[in-house]
Amino acid sequence: GESVGLHLPTLSVQEGDNSIINCAYSNSASDYFIWYKQESGKGPQFIIDIRSNMDKRQGQRVTVLLNKTVKHLSLQIAATQPGDSAVYFCAEPGGADGLTFGKGTHLIIQP
Amino acid sequence: AAGVIQSPRHLIKEKRETATLKCYPIPRHDTVYWYQQGPGQDPQFLISFYEKMQSDKGSIPDRFSAQQFSDYHSELNMSSLELGDSALYFCASRPRGQGGEKLFFGSGTQLSVL
């Protein structure tokens, strides 16, 4: 069946370093992906999205890369800050259930 | 900008009690989704509504019911609460028309069943 998932449950990085969070998907027909950030006790917040006609999309300090050949996408966070500490989900919209969430990656920022 | 509003923010109940969670979507969003997220778990889809009609059901127990009202707000009713129902319950809404793939989430209701 279709699935969207992340590779690592936890990622620890030094403050100021760049973070890379990975996500793999199984449906080659998938054409739209969203990254959400969820801080402890809060709802998921939209970070950035990308459509399949793009390989890369940049936001403020965040970049999403999409490799359709290997069905992989990544979220890169530049100059990681303490406020970036959260669980990050990649998700694929579609269907009546709204979103298919991948397993989250907990980003931990080391001082 | 207006966001998805959920109430209450926190709720403590005893086993076998009932609970009602409320969700107010962003204006002009006609689709509402409910998710349940246990500690350390990914959000699990419960139920969705489109234009006040139930759209789809996920892993929602029979003890739970929900509806969407004429003003598009939604309520999740939970009866015969069990300890395992303790979780963070999110509501999300989606705008109409093009660009409606993104879901916008509320801050959630933290339900604790004692």
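Scan the range A:1-24 residue by residue and report those that are at pLDDT 90 or above, part of a loop (DSSP other than H, G, I, E, B) and polar (S, T, N, Q). Within the range A:1-24, just A:Asn18 meets the criteria.
Please pick out the residue among A:Asp31, A:Asp84, A:Asp55 that is farther than 30 Å from B:Arg9 by Cα and away from every other protein chain (no Cβ under 13 Å). Walk me through how you get there before you give the answer.
Working: A:Asp31 fails: away from every other protein chain (no Cβ under 13 Å); A:Asp84 fails: farther than 30 Å from B:Arg9 by Cα.
From the options A:Asp31, A:Asp84, A:Asp55, the qualifying one is A:Asp55.
Filtered by the rule that a residue be closer than 20 Å to A:Leu99 by Cβ and more than 10 Å from chain A (Cβ to nearest Cβ), the range B:60-88 gives B:Ile60, B:Phe64, B:Ala66, B:Gln68, B:Tyr72, B:Ser74, B:Leu76, B:Ala87. State yes or no: is B:Ser70 among the small types (Gly, Ala, Ser) and surrounded by 16 or more Cβ atoms within 10 Å (Cβ to Cβ)? Taking the combined requirement at face value, the residue does not satisfy it.
Among the residues of the range B:33-52, is there at least one that is farther than 28 Å from A:Ile48 by Cα and within 12 Å of the chain's Cα centre (by Cα)? Give the derivation first.
At the first step, the residues of the range B:33-52 found to be farther than 28 Å from A:Ile48 by Cα are B:52.
Remaining after also requiring within 12 Å of the chain's Cα centre (by Cα): none.
No, because not a single residue in the range B:33-52 is farther than 28 Å from A:Ile48 by Cα and within 12 Å of the chain's Cα centre (by Cα).
In the range A:69-108, which residues are over 16 Å from A:Asn18 (Cβ atoms), touching a Ser or Thr at 6+ places or on another chain (Cβ under 6 Å) and modelled with pLDDT of 90 or more? Selection gives A:His106 alone. Restricting attention to the range B:48-59 and to residues that are touching a residue at least 12 places away in the same chain (Cβ under 8 Å) and at the interface with chain A (Cβ under 9 Å from one of its Cβ atoms), the residue that is surrounded by the most Cβ atoms within 10 Å (Cβ to Cβ) turns out to be B:Ser48.
When we screen A:Leu99, A:Leu66 for residues that are within 9 Å of chain B (Cβ to nearest Cβ) and out of contact with any His (no Cβ under 6 Å at 6 or more places or on another chain), the only hit is A:Leu99. When B:Arg28 is tested against (1) at pLDDT 95 or above; (2) in contact with a Lys or Arg (Cβ under 9 Å, 6 or more places away or on another chain), exactly one condition is not met: (1).
Return yes when A:Pro93 is touching an Asp or Glu at 6+ places or on another chain (Cβ under 7 Å), of a type outside the set (Val, Ile, Thr) and away from every other protein chain (no Cβ under 13 Å) and no when it is not.
On the way: touching an Asp or Glu at 6+ places or on another chain (Cβ under 7 Å): yes; of a type outside the set (Val, Ile, Thr): yes; away from every other protein chain (no Cβ under 13 Å): no.
Judged against the criteria, A:Pro93 is not a match.
The values are calculated or read from the model by the stated rules, or taken from the named source; none is laboratory data. Computed from a predicted structure; not experimentally measured. Cβ atoms come from the backbone with ideal geometry, glycine included; neighbour counts cover every protein chain shown.
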